[in-house]
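The structure is given below, and queries will be raised subsequently.
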Amino acid sequence: MTEDVRIETQGLGMSFSGPTSTSTVLRDLNIHVGCHEFVSVLGPSGCGKSTLFNIIAGLIEPSEGKVAVDGRSDSSRVGQCGYMMQRDLLMPWKTVAANVALGRIVKGAHRTEAFNAAREILNRYGLVEFADHYPNQLSGGMRQRAALARTFLAAEEVLLLDEPFGALDSLTRLRMQSWLLNVWQESAASILFITHDVDEAIRLSDRVYVLTERPATVAVTLEVALERPRPYEVVLTPEFASYKAAALDHLHTGAGALFGSEQPDG
């Protein structure tokens with residue numbers, strides 16, 4: 001693994017064995033994320049994207065192949081990534097500041113240091129006035145910002161974001177995309193991002209890996225050369241449409257293989 005690569009998988013495979021059969025989820029999966037890159041994984045529901053993240057984070061080991069985070073390919077990669085899931089998982093009995101501070105406390109920081117860091121990042125994320133509120137007092141977008149702040153404090157340089165905006169309404173989702181791009185561009189973070197949304201993947205990313213149905217492998221890699229920064233209007237450009245068509249073509253081909261070539265009656 002080269003120095004400028006933060007996440008890399010080589011020939012990654014994952015199978016789960018049951019009492020009577022074995023299910024293969026990932027097959028010969030090769031991806032990489034460089035320094036300060038924003039990379040998305042786009043694929044059908046249930047194809048194994050979250051399993052991929054669990055492997056990268058060190059929560060489970062692959063059946064075959066290699067995975068490395070900042071050059072660490074063994075169990076020492078655990079804790080090297082900040083991992084944010086679709087649900088914000090904020091603790092309802094803790095204030096926003098206390099929830100965010102957990103990102104630093106779990107890394108061994110003193111409570112005072114952690115709370116100072118939490119308030120600093122909440123200020124950058126536009127949430128400092130809500131630091132002493134509880135999660136049920138925040139909007140959906142604000143909760144996701146708080147969850148991302150906690151994730152960032154846990155690991156500032158490598159982030160795994162598993163469809164963090166999937167539960168938001170469309171308008172809030174667009175605003176959160178713009179907000180995340182600004183946060184990322186002002187940081188040194190490398191981000192690997194899961195989504196089902198083609199527009200979201202292309203707008204956010206330097207590179208998009210489009211996966212097949214299970215067992216998932218990379219169907220196509222799209223190197224997105226759209227100029228940054230990327231306001232929402234970029235989705236209206238011919239260049240954006242070209243990337244979208246390529247992604248949809250491979251996703252549609254996979255869906256056709258899954259559901260067969262049945263024709264409607266009549």
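Compute the length gained on full extension between residue 45 and residue 245: take 0.36 nm times their separation in residues and subtract their Cα-Cα distance, giving the result in nm to one decimal.
Numbers: separation 200, 0.36 × 200 = 72.00 nm, distance 1.93 nm.
The residue 45-residue 245 span can extend by a further 70.1 nm.
Given the stretch 16-66 reduced to its alpha-carbon atoms as identical point scatterers, what log10 I(q)/I(0) does the Debye formula return at q = 0.13 Å⁻¹?
-0.38
For the charge dipole of the chain, defined by +1 on Lys and Arg C-beta atoms and -1 on Asp and Glu C-beta atoms about the Cα centroid, which residue among 246, 198, 174 has the Cα displaced farthest towards the positive pole?
174
Give me the dipole magnitude in Debye, nearest 20, for the stretch 97-150 about the Cα centre, with unit charges on the beta carbon: positive for Lys and Arg, negative for Asp and Glu.
On the way: 8 positive and 4 negative charges, 40 e Å.
Value, rounded to 20: 200 debye.
Compute the angle between helix 96-105 and the longest alpha-carbon principal axis of the chain, please, reported from 0 to 90 degrees and rounded to the nearest 10.
It works out to around 80 degrees.
Can you give the Rg/Rh ratio of the stretch 1-127, where Rg is from the C-alpha atoms and Rh is the Kirkwood radius?
Values: Rg = 17.5 Å, Rh = 16.9 Å.
Looking at the stretch 1-127, the ratio lands at 1.04.
Put one equal scatterer on each alpha carbon of the chain, apply the Debye formula with no solvent term, and list log10 I(q)/I(0) at q = 0.10 1/Å to two decimals.
-0.53
Take every DSSP beta bridge whose two residues both sit in the chain, then give the antiparallel share in percent to the nearest 5.
Details: 20 of 38 bridges.
Approximately 55 percent, going by the DSSP bridge assignments.
A follow-up question, please. Excluding residue 181 itself, what net charge comes from residues whose Cβ is under 9 Å from its Cβ, given Lys and Arg +1 and Asp and Glu -1?
Values: positive: 203, 228, 230; negative: none.
Net local charge, residue 181 excluded: +3.
Here's another thing I want to ask about it. Using +1 on the beta carbon of Lys and Arg, -1 on that of Asp and Glu, and nothing else charged, what's the dipole of the stretch 173-239 about the Cα centre, debye to 20?
Working: 7 positive and 10 negative charges, 37 e Å.
It comes to approximately 180 debye.
In straight Cα distance, which lysines are under 18 Å from residue 49, not counting same-chain residues fewer than 8 positions off?
Here the lysines satisfying the reach criterion relative to residue 49 are 66.
Sticking with this one: So for each of 74-87, 143-156, 37-50 I average, over its residues, the number of other beta carbons within 10 Å; can you give me the resulting order with the highest mean first?
Ranked by mean Cβ neighbours within 10 Å, highest first: 143-156, 37-50, 74-87.
Once you charge only the Cβ atoms, +1 for Lys and Arg and -1 for Asp and Glu, what is the size of the charge dipole of the stretch 107-212 about its Cα centre, to the nearest 20 debye?
Working: 11 positive and 14 negative charges, 39 e Å.
The calculation lands at about 180 debye.
To continue, here is another question. For residue 235 and residue 188 in the same chain, what is the full-extension length gain: residue separation times 0.36 nm, less their Cα-Cα distance, in nm? Could you put the intermediate results ahead of the total?
On the way: separation 47, 0.36 × 47 = 16.92 nm, distance 2.56 nm.
Taking residue 235 through residue 188 to full extension adds about 14.4 nm, to one decimal.
Continuing with the same structure: Which one of 82, 108, 57 has its Cα pushed farthest toward the positive end of the charge dipole of the stretch 9-126, where Lys and Arg give +1 and Asp and Glu give -1 at the Cβ?
Toward the positive end, the furthest listed residue is 108.
At 0.36 nm per residue, minus the direct Cα-Cα distance, what do residue 106 and residue 23 gain on full extension? Give it in nm, one decimal, please. Don't skip to the answer; put the middle values down first.
Values: separation 83, 0.36 × 83 = 29.88 nm, distance 3.42 nm.
In short, 26.5 nm is gained.
When ranked by the protection proxy of mean other Cβ atoms within 10 Å per residue, highest first, what sequence do the peptides 209-217, 9-17 form? Spell out each step's value before the answer.
Working: 209-217: 22.2, 9-17: 16.7.
Final packing ranking: 209-217, 9-17.
Within 10 Å, Cβ to Cβ, of residue 86, how many net charges do the neighbouring residues add up to if Lys/Arg are +1 and Asp/Glu are -1? Walk me through the numbers before you get to the answer.
On the way: positive: 87; negative: 88, 162, 163.
Residues near residue 86 contribute -2 overall.
Continuing with the same structure: Any lysines with Cα under 23 Å of the residue 107 Cα? List them, leaving off those in the same chain fewer than 8 positions away.
Output for residue 107: 94.
Bear in mind that the values in this text are calculations on the coordinates, not laboratory data. Note that the structure is predicted; figures quoted are calculated from it, not measured. When we count neighbours, we look across all protein chains shown, and the Cβ atoms used for this are built from the backbone with ideal geometry, even at glycine.
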